[in-house]
Structure formats: structure tokens, C-alpha cells
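A short worksheet on the structure shown next.
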Amino acid sequence: MLALRILVGTQTGVAQIVAQEIELRLDGSDIGVNTLLMDDIDATVFAGGGVFLICTSTYGQGDVPDGARPFYDELLNKRPNLSNVRYGLIGLGDKGTHAATFCFAAKKFDKILGELGAVRIGEPLFNDSNTELPEDEAAQWMEGWIVLCRSQLGIEASA
């Protein structure tokens, strides 16, 4: 069985909707999903390692959402060893209005997690809110990402 923790950073709730859609799509599979708002966690969420999905919007001029800021700052300042962490990344943004800072919050999380030793599985999904419903695009992306996770972690799918 694959245990997945989705860590959500959201300003307006869209990233939470994306996470809920992923949870719904994985319901009934052999994947255990636990979704946590970054507002409610600290770096100890990574204790013991595991597989994580970072799902975050970008706020303002490329900022991490307000509720996710303390979590992000703790990673920057305390710099825990995350070498036992594997993660995927979904970034939400608006390329039309914020082209220069498109999905910067996700890119910031990607950078710090990599610096701390975490290993990203697959390529990130950077959703442009002007092109497709983010929850639909994320659910499609998730199917391929789960296959990559299983492959890299040596976990077979249950029948």
C-alpha cells in the first residue's frame, strides 16, 4: 500500500479543491491519502519520511499563501534533513496576469525541499487557471505520477 500525504497551501481555497478531487479519485484504491493544510502543520510532518504531494497556489507577486508562510519559513530557517522524503508538486497560478511570477510558490517549495535532500518524483504540474479546471488537470496528472511513485519506490498496485 502507498501512503500519500497531500500538503495544501491555499489563499482562496482552489488548492484545497484540487487536493479534495485527488482524494476522491484515489478513494477505493490501495493508496491511503491524508490531506493537511499547511496552515496547521510544521516541519515535523516530514518526520519518518514518506511520500508527499505539495499542492499550492501562488499569492500576490509570487508569494507563498499566507497560511503556508510559517511552514515554508520553518523549512528555510530550521533546515531539517529530508533525505527520506519523496514528493510531487502541483502549482496553481495565473499565467496571463502574473506571467513573471507564475507558480512561484510551488517553485519555492521545490527549491527548498531539494536543498534539504528530498527527492522529487516526476515533473511538476504547473496549472494555468486560464486554460483548464485545475482539479481536472491535476487528477489526470496524478494518474501518471502515481505510476512513477510505484515504480521508483518498488510498490506494486493491489488488484
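Derivation of every value follows stated rules applied to the coordinates shown; laboratory data play no part. It should be emphasised that the depicted structure is a prediction, and the values quoted were computed from it without experimental measurement. FYI the Cβ positions are ideal-geometry reconstructions off the backbone, even for glycines, and counts take in every protein chain you see.
Between the C-alpha center of the range 95-155 and that of the range 52-79 there is a gap of 14 Å.
Extension gain, Lys111-Thr44: 0.36 nm per intervening residue step, less the Cα-Cα distance, totals 22.3 nm.
When Rg and the Kirkwood Rh are both derived from Cα coordinates, the Rg/Rh ratio for the range 45-101 amounts to 1.03. Ellipticity at 222 nm from helices only: DSSP H runs of n ≥ 4 in the chain, each -39500 (n - 2.57), divided by the residue count, give -11000 deg cm²/dmol. Across all C-alpha atoms in the chain, the radius of gyration and Dmax reach 14.7, 46 Å. A Förster radius of 22 Å combined with the Cβ-Cβ distance from Asn77 to Ala100 puts the calculated FRET efficiency at roughly 0.25.
Largest GNM mean-square fluctuation among Val18, Val85, Val147, using the chain with Cα springs under 10 Å: Val147.
The charge dipole of the range 45-159, taken about the Cα centre with unit charges on the Cβ atoms of Lys, Arg (+1) and Asp, Glu (-1), comes to about 560 debye, rounded to the nearest 20. The length gained on full extension between Thr131 and Gln20, counted as 0.36 nm times the residue separation minus their Cα-Cα distance, comes to 37.9 nm.
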